[in-house]
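**Q** This is the structure, below, for whatever I ask next.
The values are calculated or read from the model by the stated rules, or taken from the named source; none is laboratory data. Remember, it's a predicted structure, so these values are computed and weren't measured experimentally. Every residue, glycine as well, gets a Cβ built from its backbone with ideal geometry; the counts of neighbours run over all protein chains shown. These area figures cover heavy atoms from the full protein model, side chains too; ligands, DNA and RNA do not enter into them. Shrake-Rupley method; radii C 1.70, N 1.55, O 1.52, S 1.80 Å.
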Amino acid sequence: MRIKAMVSAIVMASVLFTTAWIDVVHASTPYEAYNYNYWEEAVASPAAFVPSRTVGGSDLGIEPFLEPNDMVIAPSGNIYVADTGNKRIVVIRPDWSLDRIIDSVEGIGAFGTVSGLYVDEDETLYIADSGLGKLIVLNKDGSVKLIIDNPQSDIIAAGFKFTPTKVAVDDAKRMYVVASGVFEGIMQFDTDGEFLGYIGTNEVKRDYYEIIWRLFSTKEQRSQMVLFIPTEFSNLDIDHKGFVYATNIDLNSPTPIKRLNPSGEDVLKRFGYFHVKGDIRFRSSVGPSIFIDIKYLGDGIYSALDSNQGRIFTYDAEGNLLFIYGMHANQNGTFKTPVAVEYDGVNQLVLDRAKANIHVFKPTMFGELVLEASRLHYNGYSEEAVPVWQQVLDLNSNYDIAYIGIGRSLVMSKRNEEAIFYFKQGMERDQYSVAYKRYRREEMKEQFGTIMTTIVIAAVMIIGLMIWRKVRSKRQGRTATYSAGRDQAL
């Protein structure tokens, strides 16, 4: 009876564990999670984030949101929502209770069209009001700190109308502004609101056939052709080092996401299997990904919001696509018009303009493990990341990045023979070659004594054989001479 009871307990525990594992890893989602393999094929994957809850104005005890345009989470944890249609900014506490509502600014009055928000470490609020054509900066107590409405510079065209849409601020309090109709790049301002210049102009791929055609076209025909002008940026965020992550809306660009250094150069790493541009395969009727927001999650990891298909793509510091989630639909956890993505350190939040609410997504076990392993690798703890990557493979044996992560750690530990296997599984050709060369060199060193001994013995035997043959040849020659002489004597 005791043995039977123990077996029953073990079976029950196994069932409970399996059920919990399924709930965490394959939690109910209204969409199918997937990723891309080396061959650019979409393959099924455990969900990394799953819907947790939705929050709208009525959940806060206020008038429902109306066409909200942006959202930002402050260092304090407060969530600021640009409730654009209601001409207000709603501040929500981390426990999802209402903190306050900002619906006017001293000296300005009501907002126009608030399209972008940012909050710095001092809880200073930066408001991009495209309707009023102003960048408004408010202190923590709500008083006006600065207003930028008519930037002046020799490099700004005459008659320029300032229409800020998005804003981000670095640790030095420099303000980076995406403005409508500005093709020269992101506008940069100092702490006093003085215009410093543009950074990160988007390059446009020229169609040389059209250039040649222009040479033989009439004035009327040329006026109907597309101009080769840079495209606008759509959004931006800033990491802890002051690098600007920016998105643009050029459908033909192979680099819709950029990481700009202080000089405005794109230094985003793209070492993954394919371009950092969202969906690799898509229906022609739907079109490619169009990124309208980006959020830096820390440790080189960032998420980009694709408004075209309602998906969030998350990449690591080297440009590997970690996971994808979301879609356009009417169910809870899906989007109609997603406009902003945020991260509170655990959950990801997506603001939906059409549904007028915030979707909260919590990480699954798979998502937590992938993020943890990626962070460990980024910070130089590759060996500590190995057991985490192993757990990822237990949940998804087709996850190439885990194989590559383990392979890198094994190479650093000089376990090249094992690394070869993992790089092969992860289709990492370059590092496979490196591991193979190192392994071959190690084998040569290890077997050097045996090889040299074999060579020496073989050489001695060959020399001995040559000497023996030479001696034998001489003896045979002497015998032949002696026989010939004897024959002559007879």
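**Q** Once amide H atoms are built 1.01 Å from N in the peptide plane, which residues 5 or more positions from Ala47, or in another chain, come under 5 Å H to H?
**A** Distant-sequence amide H within range of Ala47: Ala27.
**Q** Okay, moving on. Among rounded, prolate and oblate, which fits segment 31-363 when a ≥ b ≥ c are the square roots of the eigenvalues of its C-alpha gyration tensor, a/c under 1.5 means rounded, and a/b larger than b/c means prolate? Walk me through the numbers on the way to the answer.
**A** Details: a/c = 1.63, a/b = 1.09, b/c = 1.50.
Taking the square roots of the gyration eigenvalues as a ≥ b ≥ c, segment 31-363 is oblate.
**Q** So how exposed is Leu369, as accessible area in Å² (1.4 Å probe, rounded to 10)?
**A** The accessible area of Leu369 comes to roughly 20 Å².
**Q** For segment 31-363, with the dipole built from +1 on Lys and Arg beta-carbon atoms and -1 on Asp and Glu ones, taken about the Cα centre, which of Ile199, Pro75, Asn308 lies farthest toward the positive end?
**A** Working it through, the farthest residue towards the positive pole turns out to be Asn308.
**Q** Provide the packing ranking of 414-424, 458-468, i.e. peptides ordered by the mean count of other C-beta atoms within 10 Å per residue, highest first.
**A** Averaged packing, sorted descending, gives the order 414-424, 458-468.
**Q** Please give the net charge around Ile463, taking every other residue with its beta carbon less than 13 angstrom from that of Ile463, where Lys and Arg add +1 and Asp and Glu add -1.
**A** Values: positive: Arg469, Lys470; negative: none.
Cβ neighbours under 13 Å give a net charge of +2.
**Q** Placing +1 at every Lys and Arg Cβ and -1 at every Asp and Glu Cβ, with all other atoms neutral, what dipole size does segment 31-363 have around its Cα centre, in debye to the nearest 20?
**A** So the magnitude is around 880 debye.
**Q** Next question, about the same structure. Counting other C-beta atoms within 10 Å, and keeping those with at most 15, which DSSP coil chymotrypsin sites (Phe, Trp or Tyr not before Pro) do you find in segment 248-351? Can you show the working numbers first?
**A** Details: sites: Phe271, Tyr273, Phe274, Phe282, Phe291, Tyr296, Tyr302, Phe313, Tyr315, Phe323, Tyr325, Phe335, Tyr343; in loops: Phe271, Tyr273, Phe274, Phe282.
Answer by residue number: Phe271, Phe274, Phe282.
**Q** Could you state how much accessible area Ile457 has, in square angstrom rounded to the nearest 10, with a 1.4 Å probe and all protein chains kept in place?
**A** Ile457 exposes around 90 Å² with every protein chain in place.
**Q** Also: Could you sort Arg472, Arg259, Arg100 by their accessible area in this structure, using a 1.4 Å probe and putting the largest first?
**A** Reading off the accessible areas and sorting them downward yields Arg472, Arg100, Arg259.
**Q** Ignoring ligands, DNA and RNA, how do Trp39, Trp389 rank by accessible area with a 1.4 Å probe, largest first?
**A** Trp39, Trp389
**Q** Ordering Ile249, Ile290 by how much accessible area each has at a 1.4 Å probe, largest first, what is the list? The partial results should precede the final answer.
**A** Working: Ile249 85, Ile290 45 Å².
Sorted descending by solvent-accessible area, the residues read Ile249, Ile290.
**Q** Tell me, what is the 1.4 Å probe accessible area of Asp400, in Å² to the nearest 10?
**A** It works out to around 30 Å².
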